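The values are calculated or read from the model by the stated rules, or taken from the named source; none is laboratory data. Note that the structure is predicted; figures quoted are calculated from it, not measured. Every residue, glycine among them, receives a Cβ derived from its backbone with ideal geometry; neighbour counts consider all protein chains shown. Surface areas here come from the heavy atoms of the whole protein model, side chains and all, with no ligands, DNA or RNA. Shrake-Rupley method; radii C 1.70, N 1.55, O 1.52, S 1.80 Å.
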Amino acid sequence: MMRLPLAGYRILSAEQYGAGPYGTLFLAQLGAEVIKIETPRGGDTARHVGPHFLREGESLFFQSFNLNKKSLTLDLNSADGQAILHRLVGTSHAVVNNLRGDLPERIGLTYQALAAHNPAIVCAHLSAYGRDNARARWPGYDYLMQAEAGFMPLTGEPDGPPARFGLSMVDFMTGTMMSVGLLAALLDAQRTGQGRDIDVDLLSAAVHQTTYPAVWYLNEGDVTTRVARSAHPSVTPSQMFRAADGWVFVMAQLPKFWDVLVERIGRPDLGTDARFATPAVRLANRDTLTQVLDAVFGTQPVAHWIERLAGHLPVAPVLDLAQALDSPFLATTGMIDTVVHPDRDALRVLANPIRLDGERLPARAAPLLGADGDAVLADAGFGADEIADFRARGVI
């Protein structure tokens, strides 16, 4: 069996929907025991996100973010729920939440609230805008962050309206950042015996991802704008070109790749054309170069150009989602996995991108709501009668 680096770590997570669960997914697949704390009344809202369900309240959307986890239903607003939480914290290493910024303190998920039960506990908070400012009570989602952090005016064609990414990338990056911070704090707690709070918020994560365009603006007042064909803002040719039956994305980012490109498309004359002789003049003549290369790429289908260019310079076909997921290359790299679910023997899921010793991380189906509650509570020392009483009173 694979030796997983986080085996033996227990993480309690009052998580829902996408950002927090995406981050703890990595921890769970790396071996941590991640126990989802869900409301007894319906659980994680992601369980109810359509359009595809395995059964009522068990969506395929939920499966995307919750492989390898356990589920415990617990009413954290009740005194008994808090008592159960405190006992579990005593044998856990971290508590995660991705609640609205004002809620962790209200329901006792901060280090200050939990340190008495475990001084080494790490409390990781993922919120929309942070917990310590005037927006702490504001609800917020990925798309809003794309709007406010300047992503949308950078996305799409110059003559179109601002556009969001097709996926919730701010959610996913923020979840990943949260897990990085949590792991760093766990290392420190292991050395010192002292836990802490760590915070990450969607808007800060989104702004941080503006990277070099932000530094260009902050230091030179240079505002990056959209470029046609999803082109790189300062290097060309690095964009989509129209082939006979679709689109191909070519990235001749470096001078050596420009030389390879003109040779392999059968136009070595472009390498000596004064309009395209250096990166600077190619950029100045981007529109003209696009027309010239469109004429070349338009003579053959995408498959021809991929065969001609792949492995010689950075190039890719522009695929729709179905084409991307049906790619034989993903099958050879093991990026599509299969897990067993009570309602489907062969549920196809995405494999984790991290490999250990060359092997993909193990995967098992996301838990049914409350499926692990009895076992988790029994392990914490609660008797069968106590557990039955908790359930009868809606605590679990």
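Per the listing V170, V122, the residue uniquely within 16 Å of the chain's Cα centre (by Cα) and either at pLDDT 95 or above or open to solvent by less than 80 Å² (accessible area, probe 1.4 Å) (or both) is V170.
Provide a single number: the residues in region 1-13 that are among the hydrophobic types (A, V, I, L, M, F, W, C), open to solvent by 10 Å² or more (accessible area, probe 1.4 Å) and touching a residue at least 60 places away in the same chain (Cβ under 8 Å). Lay out the reasoning, then the answer.
Taking region 1-13 as the starting set, the residues that turn out to be among the hydrophobic types (A, V, I, L, M, F, W, C) are 1-2, 4, 6-7, 11-12.
Among the residues that remain, those that are also open to solvent by 10 Å² or more (accessible area, probe 1.4 Å) are: 1-2, 4, 6-7.
Restricting the remaining residues to those that are touching a residue at least 60 places away in the same chain (Cβ under 8 Å) gives 2, 4.
Number satisfying all stated conditions: 2.
Is it the case, given these coordinates, that G130 is in the same structural domain as D201 (by the TED database) and in contact with an Asp or Glu (Cβ under 9 Å, 6 or more places away or on another chain)? Considered against the rule, which asks whether it is in the same structural domain as D201 (by the TED database) and in contact with an Asp or Glu (Cβ under 9 Å, 6 or more places away or on another chain), G130 comes out as yes.
Considering only residues that are out of contact with any His (no Cβ under 7 Å at 6 or more places or on another chain), of a type in the set (G, A, S) and either exposed (fewer than 14 other Cβ atoms within 10 Å of the Cβ) or within 20 Å of E33 (Cβ to Cβ) (or both), which ones fall in region 330-365? The answer is A331, G334, A346, G358, A363. Looking across region 221-274, the residues that are without any contact (Cβ under 8 Å) to a residue 12 or more places away in the chain and over 15 Å from P314 (Cα atoms) come down to G221, D222, V223, P268, D269, T272, D273, A274. One residue stands out in region 26-40 among those that are touching a residue at least 60 places away in the same chain (Cβ under 8 Å) and open to solvent by 10 Å² or more (accessible area, probe 1.4 Å): the one that is farthest from N97 (Cα to Cα), namely L30.
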